[in-house]
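Colleague: Before I ask anything, let me first share the structure, which is written out below as structure tokens.
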Amino acid sequence: MFDRYKWLLIIAGILLLALGTWYYFSHAKTLKKVNGTAEYDTLVQQTTHYKKIPLNPFKYVMVTCDIGPVKVYLEADQKSAIEFHQTFMKYVEISYKGDTLMVHTLKTPKSTKDSTITKQIYIHTPEIKYYMGEATQTTFSNFGTDYMKVDNRSSYIRFYACEIKDLDLTTNKSCNFMLDDNSAFDKIDAAINPHSAFTCRGPVHTQLFLKANNLANIRFGLNVKKLVMRKYVP
């Protein structure tokens, strides 16, 4: 009788071991290798070959471009810096005028299969009050400030994850303004010419003061508490 129970216990042990082994391998997961952690969430994740240069503190930014498409990303960060691809470095000039950062992109050769030039500029700053840009596309991300004025020369302006109490928007060319639903504003003063478009998905808690000839290219909804509209005058 003792030998019988002994063999039953051995068989039960083998079955439990086999069941545990099957469960382990059937639920095993591949772990991802992590090289580091981000200091903050950024809208655009850069690839390699980018050079980051520390900057003096500034509150105003002016970007001028000789010719060609250039994308500018302004991101909130604790330290001021500028970042661009190594293939684009020699075509970018940086200077200061008081507390204004001035960025000038030179005429750049067209990219080819053998020589690709990545025309993107990342500007990191804790705060920005004024921006004037001739870049093709400009994106603001993660800014929280009481006031910001954007004197636009870009074809596309986007606000992503921003909290701005008083936002002033103007443009003298065709531009598509996009204010994402993860952004929030207290007041917006926007001058939208007949050749531009304006889409506001984020909440405007107090008032949207809009200068436009009609609402054909204007998009917003119940997220805007109050609309005051005036005719656009160049």
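Colleague: Identify, from the list Ala212, Ala135, Ala216, Ala197, the residue that is within 21 Å of Tyr60 (Cα to Cα) and aliphatic (A, V, I, L, M). I'd like the intermediate steps shown before the answer.
Modeller: Numbers: Ala212 fails: within 21 Å of Tyr60 (Cα to Cα); Ala216 fails: within 21 Å of Tyr60 (Cα to Cα); Ala197 fails: within 21 Å of Tyr60 (Cα to Cα).
That would be Ala135, the only listed residue that is within 21 Å of Tyr60 (Cα to Cα) and aliphatic (A, V, I, L, M).
Colleague: Which one of Val92, Val61, Val70 is out of contact with any Lys or Arg (no Cβ under 8 Å at 6 or more places or on another chain), closer than 30 Å to Ala184 by Cβ and among the hydrophobic types (A, V, I, L, M, F, W, C)? Break it down stepwise before answering.
Modeller: Numbers: Val92 fails: closer than 30 Å to Ala184 by Cβ; Val70 fails: out of contact with any Lys or Arg (no Cβ under 8 Å at 6 or more places or on another chain).
Selected residue: Val61, the only one of Val92, Val61, Val70 that is out of contact with any Lys or Arg (no Cβ under 8 Å at 6 or more places or on another chain), closer than 30 Å to Ala184 by Cβ and among the hydrophobic types (A, V, I, L, M, F, W, C).
Colleague: If you go through region 130-137 one residue at a time, do you hit one that is within 17 Å of Thr87 (Cα to Cα) and surrounded by 18 or more Cβ atoms within 10 Å (Cβ to Cβ)?
Modeller: Taking region 130-137 as the starting set, the residues that turn out to be within 17 Å of Thr87 (Cα to Cα) are none.
No, region 130-137 contains no residue that is within 17 Å of Thr87 (Cα to Cα) and surrounded by 18 or more Cβ atoms within 10 Å (Cβ to Cβ).
Colleague: Testing Thr170 on (1) closer than 20 Å to Ile128 by Cβ; (2) modelled with pLDDT of 95 or more, one condition comes back false. Which one is that?
Modeller: Here Thr170 clears every test but (2).
Colleague: Looking at (1) within 18 Å of Asp77 (Cα to Cα); (2) touching a His at 6+ places or on another chain (Cβ under 9 Å), find the lone condition where Thr138 falls short.
Modeller: All conditions are met except number (2).
Colleague: Of all residues being more than 13 Å from the chain's Cα centre (by Cα) and surrounded by 15 or more Cβ atoms within 10 Å (Cβ to Cβ) in region 148-162, which is farthest from Pro69 (Cα to Cα)? Just the residue, please.
Modeller: To start, the set of residues in region 148-162 that are more than 13 Å from the chain's Cα centre (by Cα) comprises 148-155.
Now drop any that are not surrounded by 15 or more Cβ atoms within 10 Å (Cβ to Cβ), which leaves 148-150, 152-155.
Values: Met148: 25, Lys149: 23, Val150: 19, Asn152: 15, Arg153: 12, Ser154: 10, Ser155: 10 Å.
If we take residues in region 148-162 being more than 13 Å from the chain's Cα centre (by Cα) and surrounded by 15 or more Cβ atoms within 10 Å (Cβ to Cβ), then Met148 is farthest from Pro69 (Cα to Cα).
Colleague: Let me ask something else. Can you name the residue in region 94-129 that is farther than 13 Å from Glu75 by Cα and acidic (Asp, Glu) and is also most open to solvent (accessible area, probe 1.4 Å) among such residues?
Modeller: The selected residue is Asp114.
Colleague: Among the residues of region 220-229, which ones are open to solvent by 80 Å² or more (accessible area, probe 1.4 Å) and modelled with pLDDT under 95?
Modeller: Initially, region 220-229 is screened for residues open to solvent by 80 Å² or more (accessible area, probe 1.4 Å), giving 222, 225-226.
Of everything in region 220-229, just one residue is open to solvent by 80 Å² or more (accessible area, probe 1.4 Å) and modelled with pLDDT under 95, namely Leu222.
The values are calculated or read from the model by the stated rules, or taken from the named source; none is laboratory data. All values reported here derive from a predicted model rather than from experimental measurement. FYI the Cβ positions are ideal-geometry reconstructions off the backbone, even for glycines, and counts take in every protein chain you see. These accessible areas exclude ligands, DNA and RNA; they are computed on the full protein's heavy atoms, side chains included. Shrake-Rupley method; radii C 1.70, N 1.55, O 1.52, S 1.80 Å.
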